[in-house]
Structures are given as C-alpha cells and as structure tokens.
Protein chains: 2
Amino acid sequence: MTVSKTAEKSAEKAAEATKGRKDPPEALAEALQLGELSEQLGYVLKRAQLKVFENFLRCVASLQLTPAQFSVLLLVEKNPGRNQTEIASTLGILRPNFVAMLDNLESRDLCARIRSTNDRRSHILVLTDKGKAVLARAKKLVASKHEARLNDLLGTANREALIAMLSKIANEF
Amino acid sequence: MTVSKTAEKSAEKAAEATKGRKDPPEALAEALQLGELSEQLGYVLKRAQLKVFENFLRCVASLQLTPAQFSVLLLVEKNPGRNQTEIASTLGILRPNFVAMLDNLESRDLCARIRSTNDRRSHILVLTDKGKAVLARAKKLVASKHEARLNDLLGTANREALIAMLSKIANEF
DNA sequence: CGATATTTGATATGGTCCATAACAATTATC
DNA sequence: GATAATTGTTATGGACCATATCAAATATCG
C-alpha cells in the first residue's frame, strides 16, 4: 500500500520527464519500446498463436468450427472406433471438459457416441456423414485460405521448418 | 439426440472392428495416429506455447512470476513514466483486466502507480527497487535456464529464425 | 467562460477454458 | 466374490478474457 521512498523519488523523476514533452493535442502517441520483449519466445509465441487462431476462426466461420473442434473431428476421422478417453487425452483435453465438447458436436450431428459392445462403460466415437462432409469442407477452407496465407507470408520451405521446430518444442521441451 | 441410420451402421462397423483386437490385459494401448493434425499450424503452435509457458513457470518459480507478469515488468522497465492504458494496450491486455494484475504487482512492492502531475486521471507506472532487483534475477534465470534449454534443442541460429517467423506472424498475419 | 464529449482507472459481470473431486455403472484383479 | 480400477459424467472453482458502466479529470467547442 505505502509507496517506498525510492519509488517515490523515481516516480517524481518519471512524472517530471513527461512534463517536458506534453503532447500537442493531435500528436500521435509515441509507440512504446518493446525491448527484450520481442526476443522472448513465450511472448512472441503467444501472440502468434492468438493471431493464427483468430485467422482460423475467420476462415471456417461459415462452418462454425473452433480450432479445438476441428482437431477433434480430424482425430476421430483418422482413428475411428476410439473412445472418449483416448481421443481427449491425445488432444490434451481432460475427460470432464471433453463431455461438453462432444455434447456440442453431437447435437449438431457431426459425430456420435456409441456404447461399445466390448466394454459397456466406454463410448466409441464416430463421425456422422454430415460430420465427414463438414470436415471435408473445413479442410478445403483451411488449405485454401488459412495455410495459403501462411505460405504467402513465410514461403513453403519456411512454413515447414516452422512447423518442424514447433513440433520439436511441443514434444521434447 | 437420435443417432442417424448411417451413423449407426458405421458405428456397428467400428464396434466390430475393436472386437477382434481385444487387448490382452498388459498390452500397451496403441498410440493414436495424429494424421493431418501434426501439420496444422494452430495445433502445434498451441501445444508448443503451453510447453514453453510451463517451462517458463518452472524456471522462475522461485520468483513467483508468470509470463504475463514478467512481460509487464520488462515493459515498464523499458518505458518508465507511461500510464496503465499505454502499458496494457501494447501488451494486448484490456484495461479492466490490467487493474488486478497491477494490484498484485503493487501489493508485492514490485511496481508502483503514481498519479501524474500532468494528467491527474492517469497513473504513471514505475518499478520499485525491489521490482528492478526481482526483474534482474528473473532475466538471469530465464537466460540461463529457459532460453538455454531452447538453444540446446534447436541451436542458436534456428532459435533466432523461429522467433523471427513468429514475430512476422504476430505482426503481419 | 461553460456545456458537452472524451479519457483514465476502476468495478461489476458474464463467458470460456482449464483443473480437481466425486459419483454410478461397468470391468478388472486377486 | 470382495475389492480395486476405469469410463463417462456432474459439480465446482480458478484463471483469463471481453463488455458495459461509472466517477473523476481533462479536452473540445460553441
């Protein structure tokens, strides 16, 4: 609560410093110096991730799919007959949180839970025909709009190198 | 709610498919195929970001600093005399959400808000001496543990290339 | 000048995502 | 056959993010 003596002193200096350069009303505020921040991997990684997700959402807006939902559909398509625990855990989703996600996808008739005949505790996941169709359309949108954008920005070789490095970090860090 | 006919049929096939390979009790569950997922930028970006943040937290655990708090301290140190709105907006933090963050940092005597003499609405932000000391120690920990780890994994040249590409995405995507 | 609009920090609030505990049904273990 | 473990589920709380709103201070403009 109380401000230290030294903080007060440096604060006075800081307040003074702004006095001299009182901006004329229409002046643009000077951009802040990012400094070491622009070299911080976590910082730039987070900001890039937000931008990529944002762009992804725009590209598949017509299908109303989030990145997480897209990843579920992709994984179920590639691994039919797996149960909720298996799909969720490979995506890093906790089982309790996966329930609502599946409720959503199932209510939109994109995938279905089926009680396994082997183990009647587990639900086997399958894409519906509509789910397959929507996923196919999503893939096309992602390739033509989302990935194409990235290729324009970085070039194909760099894009592949980027994904390889990120995979390495995700798996071995 | 109701499962489509086609979904039921493919479900039967899926359930049957698992019947043949009922695992012997001690068998390891086969890893799922990621398929196209491992080529999805958003997916690998998100997972890499989580790993990096996790590692960052471990490296500076002794200082109890999150990546977001670290970025605030860095930016305030580099840009003394700026107000809350300026610091928050360059970090992509909304002003309302920045209040609690500053309450935290201020209660730990790492930074201080000072009413500006120019504009008595705004609070000028300054690092306290303790804040400067903690930030200096944090920088050393990050450099020696966090970044060093990344250099070991990718090599210095690749690390720089990675950060450059991520910056490009963050700024131009 | 003075009325109105804008800005700043702050509060309240709701949404989404993430994590843990607990439970019933089912299956595995011994 | 008693006990333990697993599966899907619910409930719940925390962290983070976004919007509306407010009082105080300042800017704008008649």
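Lysine pair count for the range A:57-172 with Cα-Cα distance under 15 Å and sequence separation of 8 or more or different chains is 4. Spatially, the range A:136-173 and the range B:103-120 are offset by 42 Å when compared through their Cα centroids.
Rolling a 1.4 Å probe across the protein heavy atoms gives the range A:74-123 an accessible surface of 51 Å² per residue. Label separation (residue A:104 vs residue A:168): 3.4 nm, computed from points 7 Å beyond Cα along the C-beta direction.
Between A and B, buried accessible area from a 1.4 angstrom probe totals roughly 7700 Å², ignoring ligands, DNA and RNA.
Heavy-atom accessible surface, probe 1.4 Å, ligands and DNA/RNA ignored: which residues of the range B:147-171 lose at least 30 Å² versus the isolated chain? Residues passing the criterion (a loss of at least 30 Å², heavy atoms only) are B:149, B:150, B:153, B:154, B:162, B:163, B:165, B:166, B:168, B:169, B:170.
In the assembly of identical copies, residue B:136 has its label point, taken 7 Å from Cα in the direction of the beta carbon, separated from the corresponding points by 6.5 nm (ascending, one decimal).
Distances between copies of residue B:64, taken at a point 7 Å out from Cα along the Cα→Cβ vector and listed shortest first: 4.5 nm.
Placing dummy labels 7 Å off each Cα toward the beta-carbon, the span from residue A:153 to residue B:130 is 4.1 nm. When the surface is traced with a 1.4 Å probe over the full set of protein chains, residue B:134 keeps roughly 20 Å² accessible.
Note: relative contact order over the range A:57-172, using C-alpha pairs below 8 Å and six or more positions apart, is 26 percent.
Working note: Karplus 6.51/-1.76/1.60 with θ = phi - 60° gives the range B:74-91 the couplings 4, 6, 5, 4, 6, 10, x, x, 8, 9, 4, 4, 5, 5, 4, 5, 5, 8 Hz, where Gly and Pro are set to x. Shielding by partners for peptide A:96-105, expressed as the average number of C-beta atoms from other protein chains within 10 Å of each residue's C-beta, is 0. For the rotation carrying B onto A, the chain B residue whose Cβ lies nearest the axis, with the distance in whole Å, reads B:49, 2. Under the simplified labelling scheme, the residue A:160-residue B:61 pair shows an inter-label distance of 3.9 nm, with each label point 7 Å from Cα along Cα→Cβ. For the range B:51-148, rounded, prolate or oblate, judged on the Cα gyration tensor with a ≥ b ≥ c (square roots of eigenvalues), a/c < 1.5 rounded, else prolate if a/b > b/c? Prolate shape, in that a/c is at least 1.5 and a/b is the bigger ratio. Report, for residue B:151, each distance to the same residue's label point in the other copies, shortest first and in nm; define the point 7 Å along Cα→Cβ. Relative to the other copies, residue B:151 has label-point distances of 3.6 nm.
The values are calculated or read from the model by the stated rules, or taken from the named source; none is laboratory data. Everything quoted here is computed from the prediction, not taken from an experiment. No Cβ is skipped: glycine too gets one built from the backbone with ideal geometry, and neighbour counts run over all protein chains shown. Side chains included, ligands, DNA and RNA excluded: accessible areas come from the protein's heavy atoms. Shrake-Rupley method; radii C 1.70, N 1.55, O 1.52, S 1.80 Å.
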